[in-house]
Amino acid sequence: MKRRQWVPMAVGLLVAVGLALGPTEAQQAPVFKVGVVTSLSGEMNFGGNVTKRGYDLWADTVNAAGGIAIGGNRYKVQLVYGDDQSSPATAALAAERLITQEKVDFILGPYASGTTLAVAPITEKYKVPHITGSAESPLIWKQKFKYTFGTIPAVNQIAPASIKTLAKDVKPAPKTVAVIGIDDAFSKFAAQAFKDSAEQAGLKVVKFEIVPEGADYTPTITAVKAANPDILAIGSHEKAAMEMIKAAKELGFAPKAIVQHYGMTTPDFLKGLGKDAEFIFGSSVWTAALKHKGNDPFGTPAKYAEVFQKKYGTPPDYTEAASTAAGLAFEAALKQIGATPPLDQKEKDALVAALEKLNIKTFYGPIKFATEGDFYHDNVGLSSIALQIQGGKIVEVGPGALKVISPKYPMPAWTKR
Amino acid sequence: MELFLQTLLDGVLIGGTLVVIAAGFSLCFGVMDVIDFAVGEWVMLGAYTAFWFQEFTGGDPMAALPLFFALFFAGGYLLQPLIQRVTAGKRPHPVLMGLLFTFGLATVAKGSALYFWGFNFRSIRTWLSGQNVQIGITVPSLRFAGFLFGVFATLTFMAFLYWTRTGRAIRATAQDRVTAGLLGVDVRRISALVYAVYAGLTGMAGVLIGALFSIHAGMGLRYTTLAFFVVVLAGMGFVPGVIPAALFMGLLQSLTAVYLGSRYVGLALFGVFYLTLVVAPKGLFGRGS
């Protein structure tokens, strides 16, 4: 075959493939097009997929019931994904593409705070409602974005629970703490929250360091070991925490307690660290053991956990629950305003107004967004629980009356287990 | 004092994890004139292969290191002719072509890993995991084993380069491809052999790195960057310079992290990298090409 024949043939083939893969179904009843920006590749792809599971479970549940019931009809939802590749710049591009080209009605937000902070100005610019089910940085709410909401409380609301429990509920009480935080929009604030709550509780912070992601953490842990704190608190996502705990074990450094946020509630953390995950503290705003009752299809945390386990083969953690709850919040607000797809600008603004007034009870707990203050548009209905891994399970250990099982303290040396 | 000694040891051991990767990378450049952008992906694939090995057999991947070497050796041997094709012949800018092609390989490897192994962070356990020996300072067993392995593998490899006939052919090819070819060296076979050894060594290093850290599709980039740093410091293509250069990089990381703060590690590394390029483009020993 001659070389010049290749080009038209290749083009023809591509077009044919494109046609075969493209939409061939006739347009049925209108659906809500929901844009999802999250990390499906890159450093944060684990967390990105965690949020994806939460959002997918909401969409699948809605669609299995025939769709969202509005004015006698049912409208299905269609999730359109935009991969942010774990980078804020790509997140902004993905949001822009979903809004201008895919013409989505509203947006479910990214996993990480850095990417969320890049998406929020875009949804602001195009006036598209946006709820994040995962991002925890308090920075997001301080900027008072009109179109951005969050079902998960800010990290400085969640993370202190474990420190409070350690400061008040264990004997002999710890006196010193070292805090390591990873340098990103979420982890830095997690570390700051550990530091602030420790100081409030009268603990002495002997070391506070922000370190870059992706480093070899042995020198950092060596420096912490030299400071000899009672508590090591790690503000990071799951991967960095796992690597730091591995490094601590290699260096034979066993403080009386290790506190971590966020990651110890994910199944991968338990699986990756195995027995070394034992005794590690963390905090959460939702566990399957809580007694919430809601009007949504899941109703209770236990039921949600059961459905989730059946679909994905692992138990859910609070990020997945909060992501599903973000969908529920949109669904409730849409029903209230009775808007049908596609939403025009007036309806999108009405949706934001409805979200501001929203006060619903779900399997995830109450959802009520603040309309003023430092947590503007963040869910303020939930309280934080201290957790610990005991016997390969995550149990509620405080603070105070939220305790189900007593915390185990101090943590034994690595060699005495 | 204890902190200082521990910091030095940490640094040496960090360097140790890089030695093998950088040695292979350096030789690959010397012989094939290819800057292999996929070096980190060989590490990643090595780690995932070890994960699978442990998942399916329950065995200790450390015990099966020779098996991984053989596997990656074969993989490299089969892949090399493809790289050869892209970088040889009448194509313009062969170095750039090699860079682009291996960048593509890296992207494909990353995407495939995400597809086949999923997004979860994986871990492997070896009998040395989490162990340590106290001698006043703490010697982490697995890292120490990795260090010994790295230095041993690199020295063996260099012995092969300098004391055998094939080794001499490899060095001749690295010096001058055309002349080596004219004198009867089968340049293609030598190139394939070098790439195979390089892939084998890097895959093995991946097993150790997988046991030390966590395994995920994006883990390779860090090693591509670090291998690049080490090789520039050692002098491009100058294999004997790799061991001191890797140890220097490790010590730099460790000392900066402990005495200045971890946030300055990147600055220190890039600073040295930059200075080397400006002041001593042939590397610390002036022997690079």
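The values are calculated or read from the model by the stated rules, or taken from the named source; none is laboratory data. What you are looking at is a predicted structure, and each value in this text was computed from that prediction instead of being measured. Here the Cβ is made from the backbone with ideal geometry for all residues, glycine too, and neighbour counts use every protein chain on show.
Take A:Ala118 and tell me if it is surrounded by fewer than 24 Cβ atoms within 10 Å (Cβ to Cβ), assigned to a loop (DSSP other than H, G, I, E, B) and either in contact (Cβ under 8 Å) with a residue 24 or more places away in the chain or hydrophobic (A, V, I, L, M, F, W, C) (or both). For A:Ala118, the condition - surrounded by fewer than 24 Cβ atoms within 10 Å (Cβ to Cβ), assigned to a loop (DSSP other than H, G, I, E, B) and either in contact (Cβ under 8 Å) with a residue 24 or more places away in the chain or hydrophobic (A, V, I, L, M, F, W, C) (or both) - is not met. When the residues of the stretch A:275-303 are narrowed to those that are in contact (Cβ under 8 Å) with a residue 60 or more places away in the chain and basic (Lys, Arg), which ends up surrounded by the most Cβ atoms within 10 Å (Cβ to Cβ)? This residue is A:Lys303.
When restricted to residues that are within 12 Å of chain B (Cβ to nearest Cβ), in a helix (DSSP H, G or I) and either in contact with a Phe, Trp or Tyr (Cβ under 8 Å, 6 or more places away or on another chain) or buried (at least 21 other Cβ atoms within 10 Å of the Cβ) (or both), the stretch A:195-242 contains 13. Restricting the search to helices (runs of 4 or more DSSP H) fully inside the stretch B:184-289 and requiring at least 2 residues that are within 13 Å of the chain's Cα centre (by Cα) and touching a residue at least 60 places away in the same chain (Cβ under 8 Å) gives B:187-212, B:220-234, B:242-259.
Does the stretch B:84-104 include one or more residues that are surrounded by 13 or more Cβ atoms within 10 Å (Cβ to Cβ) and under 30 Å from A:Lys271 (Cβ atoms)? No, because not a single residue in the stretch B:84-104 is surrounded by 13 or more Cβ atoms within 10 Å (Cβ to Cβ) and under 30 Å from A:Lys271 (Cβ atoms).
Let's see how each residue does on (1) among the β-branched types (Val, Ile, Thr); (2) within 23 Å of A:Gly272 (Cα to Cα); (3) in contact (Cβ under 8 Å) with a residue 24 or more places away in the chain; (4) within 12 Å of chain A (Cβ to nearest Cβ):
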{"site": "B:Tyr77", "(1), (2), (3), (4)": "no, no, yes, no"}
{"site": "B:Thr87", "(1), (2), (3), (4)": "yes, no, yes, no"}
{"site": "B:Phe101", "(1), (2), (3), (4)": "no, no, no, no"}
{"site": "B:Gly104", "(1), (2), (3), (4)": "no, no, no, no"}
{"site": "B:Ser129", "(1), (2), (3), (4)": "no, yes, yes, yes"}
{"site": "B:Gln134", "(1), (2), (3), (4)": "no, no, no, yes"}
{"site": "B:Phe157", "(1), (2), (3), (4)": "no, no, yes, no"}
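Taken as a whole, the stretch B:257-265 holds no residue that is away from chain A (no Cβ under 14 Å) and not hydroxyl-bearing (Ser, Thr, Tyr). Selection of the stretch B:1-49 for residues being surrounded by 23 or more Cβ atoms within 10 Å (Cβ to Cβ), among the charged types (D, E, K, R) and either within 14 Å of chain A (Cβ to nearest Cβ) or part of a helix (DSSP H, G or I) (or both) yields B:Asp10, B:Glu41. For the subset of the stretch A:101-115 comprising residues that are modelled with pLDDT under 95 and in a helix (DSSP H, G or I), which member is nearest to the chain's Cα centre (by Cα)? Only one residue fits best here, namely A:Ser113.
Inclusion of A:Ala191 among residues that are closer than 24 Å to A:Pro366 by Cβ, aliphatic (A, V, I, L, M) and buried (at least 24 other Cβ atoms within 10 Å of the Cβ) is not warranted. Applying the criterion of being more than 30 Å from A:Ala370 (Cβ to Cβ) and in contact (Cβ under 8 Å) with a residue 24 or more places away in the chain to the residues of the stretch A:382-394, the residue that is surrounded by the fewest Cβ atoms within 10 Å (Cβ to Cβ) is A:Gly391.
Exactly one residue out of B:Leu114, B:Leu65 is within 13 Å of another protein chain (Cβ to nearest Cβ) and in a helix (DSSP H, G or I): that is B:Leu114. Go through the residues of the stretch B:32-47 one by one and say whether even a single one is under 21 Å from B:Thr154 (Cβ atoms), among the small types (Gly, Ala, Ser) and in contact with a strand residue (DSSP E or B) (Cβ under 6 Å, 6 or more places away or on another chain). Among the residues of the stretch B:32-47, at least one is under 21 Å from B:Thr154 (Cβ atoms), among the small types (Gly, Ala, Ser) and in contact with a strand residue (DSSP E or B) (Cβ under 6 Å, 6 or more places away or on another chain), which makes the answer yes.
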